[in-house]
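Data first, discussion second: the structure below is written as structure tokens.
The values are calculated or read from the model by the stated rules, or taken from the named source; none is laboratory data. Keep in mind that this is a model prediction, so the values were computed, not measured. Virtual Cβ from ideal backbone geometry, glycine too; neighbours counted across all protein chains shown. Please note that ligands, DNA and RNA were not included when accessible areas were found on the heavy atoms of the full protein model with its side chains. Shrake-Rupley method; radii C 1.70, N 1.55, O 1.52, S 1.80 Å.
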Amino acid sequence: QVRLVESGGGLVQPGGSLRLSCEAVGTNMFTRYTVAWYRQVPGKQRDLVASISQSAVTTYAESVKGRFTISRDNPANTVYLQMNDLKPDDTALYFCNGRFLSDFWGQGTQVTVSS
């Protein structure tokens, strides 16, 4: 059973940084996964933030381009989301999604940007 475990969320002031981690547990096929980060605020749909393919091609939502960086460490079965220059609008529950033959979701990690 594949599980995605997110970590790294928290409370940060505007302009600050956080790094989220998404570890895939229970698979030795992580290199084949496309992994994405989504975020969701109460009452709204879950939106794509960034994704990274098995060949490390990355995509970003317009709102985070130039501030967020997604990367992967295949030996560690982990994808990271480095978030810089955080804004209050980045406040959300962030979810990791892994896709290979099926879709897998983590439980989410809360990011709150507030002074």
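Here is how the numbers come out for the structure above:
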read-out	value
Relative contact order, percent, the chain [alpha-carbon distance under 8 Å, six or more residues apart]	37 percent
Extreme residue, positive dipole direction of the chain, given options Pro14, Leu81, Met29 (C-beta unit charges)	Met29
Charge tally in the Cβ shell below 15 Å around Gly15, where Lys, Arg are +1 and Asp, Glu are -1, Gly15 excluded	-1
Formal net charge of residues neighbouring Thr69 (Cβ-Cβ distance under 12 Å; K, R +1; D, E -1)	+3
Efficiency of FRET from Cβ geometry, Gln1 and Lys65, R₀ 35 Å, rounded to 0.05	0.50
Over segment 18-84 - Rg/Rh using Cα atoms and the Kirkwood inverse-distance radius	0.98
Modelled label reach - Val41, point 7 Å along Cα→Cβ, segment 51-85 residues with backbone N closer than 12 Å	none
Residue-normalised accessible area of segment 72-115, expressed per residue, 1.4 Å probe, Å²	50 Å²
Contour minus Cα-Cα distance for Arg32 and Ser115 (0.36 nm per residue)	25.9 nm
